[in-house]
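Trainee: Take a look at this one; I'll ask things after.
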Amino acid sequence: MIRIVETKPYLDQKPGTSGLRKKVSVFRQPNYVENFVQSIFDSLEGFSGKTLVVGGDGRYYNREAIQTVVRIAIANGFGRVVVGQGGILSTPAVSALIRAIGAYGGIILSASHNPGGPDGDFGVKYNIGNGGPAPEKITDAIFAHTKTIAAYKTIDSGDVDLDALGETRIEGASVEIVDPVANYAALMRTLFDFDAVRALFASGFRMRFDAMHAVTGPYAHAILEGELGAAPGTVVNGTPLPDFGGHHPDPNLTYAKALYDEMMSPAAPDFGAASDGDGDRNLIIGRGIFITPSDSLAMLAADAHLAPGYAKGLAGIARSMPTSAAADRVAAKLGIGAYETPTGWKFFGNLLDAGLATICGEESAGTGSNHVREKDGLWAVLLWLNILAKRRISVADLARGHWATYGRNYYTRHDFDEIDLVAANGLMEALRGLLPSLPGRRFGALRVEAADDFSYRDPVDGSLTMGQGMRVLFAGGSRIVYRLSGTGTVGATLRVYVERYEPPSGDLGLDAQVALADLIALSRVLAGIEERTGRKAPSVVT
Ligand code: VG1
Ligand code: CO
């Protein structure tokens, strides 16, 4: 029995960089989840009788929201809803599952790297039939529907038992609870040389994987320890918890500091990695050396052919605009395409579908390939392991070798979290006004070559996306980029990205903060960060 329930719109349901993210207290308002989910379905067509994949990162409110999504999906006419056991599915696993079973789309309950728990964040994202995040055309339509919604459809049925594997029938539809890991692990086996990685671990290679009490725990336990023979205890914080153990599931040098400290200690294992709330990010740290995500993208692309899934080579490499140009140098050497997109994985979907790019990455610790349409944390870890298993060198030697060939793009990102929204918008407006006067100006040894607000014309569908970040480009390849985050839930987060290129003949062994000191200082002055926000220093440096 389908029931139509009257509702009133909420005016703040605008999806950001990756879905709708708000405080749990916001999502718990009456009909808040219902309105958004109904608005998703109201923006789609032709899904009657088709399959929807549903899962989340296990955070607080995950189970409740999944029950709501299942009811509304059935009431709207989906014929089959496939849910990860316990409500668990990592973002890349959802993407893989949508593709494997030919689902119409999927809904992921996650606020990714944002903290969880009753006072933390929650989120909802919609993925389309190619397994990737809904493009802006759809997220814009969803937002438009949320502003006028008057009713949603649901069914009167008890809760689905999310923990019991198998199929039940509800109102003529099938609800199937599946193992969240099986399909994903099978896909990984087709891409990587598991025998070579098993041999690497058997030779005494040691690893630490920090799942940050988030969704990758079950995946890492099953694949790294279960299948590849990594020593028991390799995976730490491997049980997903609703509040991530009170931590911030963001794999960076601030929130994954325990891993970093261990990797810098004399007893460090050979290889360290971590992933985020929903399993799509990866942090890579070798013994004694942190690999920036931008460098990781470039290094993986350069050696990807060592993994069976990429043995035939890459079609192209895509990176988000703020990501360093290290990957472009690899693309140039390989003679393949290099693409620069706005921030957010949704912009890679067309390039991957069209076969223009094989590997994509973001400076925010996201890397992935055409095996799914999301960034994929464990995939990046497995590609690193596959490469190390074939080359049998340390992470530090691999990095030094890479820089000796391509030069080094020194890189850092400084985040100013939870600043005043009005101050943040004022700062960006002032910068926009300043841009035209910058080309030709000198700041010490730095000369501005160009300055703009980044916009992107999608080469596949021709769509134009504007206002994607203020770029100040200096002669020689250095740059400063300013963006406001589209995933934060309190005030505004200002991200400042700083990069400088050092050729192979130059000094390749500096600390990034030292190598970039003059650009960092200039980034503060140019934008007037302290005067406008009151912040003397960033909250997070990566
Ligand atoms: C951030 C990152 C961006 C990433 C996005 C989603 O967005 O900068 O690169 O795609 O998070 O990642 P923003 O708008 O806050 O800068 V995830 O792992 O949180 O879904
Ligand atoms: Co994420």
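The values are calculated or read from the model by the stated rules, or taken from the named source; none is laboratory data. Owing to the predicted nature of the structure, the values given are computational and were not obtained by experimental measurement. Here the Cβ positions follow ideal geometry from the backbone for every residue, glycine too, while neighbour counts run over all protein chains shown. Ligands, DNA and RNA are excluded from the accessible area calculation, which covers all protein heavy atoms including side chains. Shrake-Rupley method; radii C 1.70, N 1.55, O 1.52, S 1.80 Å.
Trainee: Name the residues in the stretch 232-246 that are open to solvent by 60 Å² or more (accessible area, probe 1.4 Å) and under 21 Å from ALA380 (Cβ atoms), would you?
Mentor: ASN237
Trainee: So which residues in the stretch 244-280 are in contact with an Asp or Glu (Cβ under 8 Å, 6 or more places away or on another chain), within 16 Å of ligand 1 (Cβ to nearest atom) and hydrophobic (A, V, I, L, M, F, W, C), if there are any at all?
Mentor: Of everything in the stretch 244-280, those that are in contact with an Asp or Glu (Cβ under 8 Å, 6 or more places away or on another chain), within 16 Å of ligand 1 (Cβ to nearest atom) and hydrophobic (A, V, I, L, M, F, W, C) turn out to be ALA256, ALA273, ALA274.
Trainee: Still on this structure, please answer the following. For the subset of the stretch 131-153 comprising residues that are over 20 Å from ILE108 (Cβ atoms) and crowded, with 16+ Cβ neighbours inside 10 Å, which member is nearest to the chain's Cα centre (by Cα)?
Mentor: Step by step, filter the stretch 131-153, then rank; the result is ILE149.
Trainee: Within the bounds of the stretch 11-18, is there any residue that is in contact with a helix residue (DSSP H, G or I) (Cβ under 9 Å, 6 or more places away or on another chain), over 26 Å from THR168 (Cβ atoms), within 16 Å of ligand 1 (Cβ to nearest atom) and among the aliphatic types (A, V, I, L, M)?
Mentor: no
Trainee: Here's another thing I want to ask about it. Could you identify the single residue in GLY84, GLY106 that is assigned to a strand (DSSP E or B), under 22 Å from ARG28 (Cα atoms) and either within 12 Å of ligand 2 (Cβ to nearest atom) or at pLDDT 95 or above (or both)?
Mentor: Unique residue meeting the criteria: GLY106.
Trainee: Still on this structure, I have one more. What number of residues in the stretch 423-438 are within 33 Å of the chain's Cα centre (by Cα), of a type outside the set (D, E, K, R) and either outside any helix (DSSP H, G or I) or surrounded by fewer than 15 Cβ atoms within 10 Å (Cβ to Cβ) (or both)?
Mentor: 6
Trainee: Hey, can you tell me all the residues within the stretch 181-204 that are polar (S, T, N, Q) and under 18 Å from ILE393 (Cα atoms)?
Mentor: Of everything in the stretch 181-204, just one residue is polar (S, T, N, Q) and under 18 Å from ILE393 (Cα atoms), namely SER203.
Trainee: Could I ask something else about it? If only one of LEU378, LEU352 is open to solvent by less than 30 Å² (accessible area, probe 1.4 Å), at pLDDT 95 or above and within 16 Å of ligand 2 (Cβ to nearest atom), which one is it?
Mentor: LEU378
Trainee: Out of curiosity, is GLY158 more than 28 Å from the chain's Cα centre (by Cα), farther than 17 Å from GLY79 by Cβ, open to solvent by 40 Å² or more (accessible area, probe 1.4 Å) and modelled with pLDDT under 95?
Mentor: yes
Trainee: Which condition number in (1) part of a helix (DSSP H, G or I); (2) within 29 Å of ARG21 (Cα to Cα) is the one that ASP278 fails?
Mentor: (1)
Trainee: For the stretch 364-375, which positions are among the aliphatic types (A, V, I, L, M) and either surrounded by fewer than 24 Cβ atoms within 10 Å (Cβ to Cβ) or near ligand 2 (Cβ under 9 Å from one of its atoms) (or both)?
Mentor: ALA365
Trainee: For residues in the stretch 387-416 being among the hydroxyl-bearing types (Ser, Thr, Tyr) and surrounded by 14 or more Cβ atoms within 10 Å (Cβ to Cβ), which is farthest from THR323 (Cα to Cα)?
Mentor: Filtering the stretch 387-416 for residues that are among the hydroxyl-bearing types (Ser, Thr, Tyr) and surrounded by 14 or more Cβ atoms within 10 Å (Cβ to Cβ), the one farthest from THR323 (Cα to Cα) comes out as SER394.
Trainee: Across the stretch 327-349, which residue is nearest to the chain's Cα centre (by Cα) among those that are aromatic (Phe, Trp, Tyr) and open to solvent by less than 40 Å² (accessible area, probe 1.4 Å)?
Mentor: TRP345
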